[in-house]
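Colleague: My questions all concern the structure below.
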Amino acid sequence: MTNGLTWIGAHAHTATPVPGMRGGISLTLARGIDPDEFLINLGADLDQLAARTPLAELRSQPTPLAELRSQPTPPGHDPTRYAYAMYGSEGEWTYVLENDHAATWATGFRRVPSMRPGPGEEILCASRNLYSPPAAMLHVEGDEVIRRAEFGTTTGHESALDAALTAAGAVFPSIPDATADEVTAYYEQHGARLPTLVFTALGAYTGLSIDQDAAQAGNLPAVHLLTP
């Protein structure tokens, strides 16, 4: 599980501190858009983005809250809040890792115009939604339509992502298919492994691999993202 995306789900409930990120990670993926442009749309500071500072080093620096407050911020952003995010690119995909309460893109795209997907841009976001459960995926296939699926379900669009979720066993029984008691019993028995299955499916769909060792050591470049 060192690479791929399965490790992200396997450590969904891990609380052990590390210099970087291991437990409770939300993941945002994008393709069809320049990596730096995508991060700027999420609220990354230009100078900080250019510095490519690893997360472990960024966390050792003084909290730049006063500086962040002084910077122009996109409409809808709260300049008093920010989260750490690690990022990188592989093939066509840009990835953003966050282990705060949720993914910045998932909480901000409705209010911040710069975050809204454009034509031909594919965005796939798996957000833990800690303060507003349940965990869910948001998927834009390049048509600017945002489709949502809670963990354990599909988007209902019969997409390649839905097929990958089904193949990975990440689609659990629902009330139309079984009784409420049967669904409850299934979740009680298998629910703990659901994040692992979901992120396995995301890895299969994207072909993306993110190095667990680099992520938990905080060796990937990082920025502060202003929280919408």
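The values are calculated or read from the model by the stated rules, or taken from the named source; none is laboratory data. No experiment lies behind these values; they were computed from the predicted model shown. Neighbour counts are summed over all protein chains in view; Cβ atoms, including those assigned to glycine, are modelled from backbone coordinates with ideal geometry. Side chains included, ligands, DNA and RNA excluded: accessible areas come from the protein's heavy atoms. Shrake-Rupley method; radii C 1.70, N 1.55, O 1.52, S 1.80 Å.
Colleague: First check a/c for the stretch 104-160, with a ≥ b ≥ c the square roots of the eigenvalues of its C-alpha gyration tensor; if it is under 1.5, answer rounded, and if not, answer prolate when a/b is larger than b/c or oblate otherwise. Working shown, then result.
Modeller: Working: a/c = 2.68, a/b = 1.11, b/c = 2.41.
Cα axes put the stretch 104-160 in the oblate bin.
Colleague: What FRET efficiency would be calculated for the residue pair Ser209, Thr53, taking the C-beta separation as r and a Förster radius of 22 Å, to the nearest 0.05?
Modeller: Values: r = 23 Å, r/R0 = 1.04.
The calculated FRET efficiency here is 0.45.
Colleague: In nm, to one decimal, how far is the modelled label at Ala192 from the one at Leu46, with both set 7 Å along Cα→Cβ?
Modeller: Once both label points are built, they end up 5.0 nm from each other.
Colleague: Return the inverse of the average 1/r over all pairs of distinct C-alpha atoms in the chain, which is the Kirkwood hydrodynamic radius, in Å to one decimal.
Modeller: Values: mean 1/r = 0.0557 Å⁻¹.
Over the chain, the inverse of the mean reciprocal pair distance is 18.0 Å.
Colleague: Largest first and in whole Å, what are the equivalent-ellipsoid semi-axes of the stretch 79-193 based on the Cα gyration tensor, each being the root of 5 times an eigenvalue? Walk me through the numbers on the way to the answer.
Modeller: Working: eigenvalues 150, 65, 36 Å².
Here the semi-axes work out to 27, 18, 13 Å.
Colleague: About its Cα centre, how strong a charge dipole does the chain have in debye, to the nearest 20, once Lys and Arg get +1 and Asp and Glu get -1 at the Cβ?
Modeller: Values: 13 positive and 26 negative charges, 116 e Å.
Dipole about the Cα centre, nearest 20: 560 debye.
Colleague: A further question follows. Could you tell me, in Å, what Rg and Dmax come out for the Cα atoms of the stretch 134-228?
Modeller: Rg then Dmax for the stretch 134-228, in Å: 15.8, 47.
Colleague: Could you rank Glu144, Glu122 by how accessible they are, 1.4 Å probe, largest area first? Show your work: numbers first, answer last.
Modeller: On the way: Glu144 95, Glu122 15 Å².
Descending accessible area places them as Glu144, Glu122.
Colleague: Which whole-Hz couplings ³J(HN,Hα) result when phi for each residue of the stretch 125-136 is put into the Karplus expression 6.51 cos²θ - 1.76 cosθ + 1.60, θ = phi - 60°, listed in order with x for Gly and Pro?
Modeller: 10, 10, 10, 6, 6, 4, 8, 8, x, x, 4, 8
Colleague: Moving to a separate point now. Under a point spin-label approximation (7 Å from Cα along Cα-to-Cβ), what is the Asp34-Asp143 distance to one decimal in nm?
Modeller: 2.9
Colleague: Per-residue HN-Hα couplings for the stretch 171-179, Karplus 6.51 cos²θ - 1.76 cosθ + 1.60 at θ = phi - 60°, whole Hz, x for Gly and Pro?
Modeller: Calculated HN-Hα couplings, in order: 9, 8, x, 10, 4, x, 9, 8, 6 Hz.
Colleague: I'd like to check one number: the per residue accessible area of the chain, probe 1.4 Å, reported in Å² as a whole number. Write out the running numbers ahead of the final one.
Modeller: Details: 10340 Å² over 228 residues.
Per residue, the chain has an accessible area of 45 Å².
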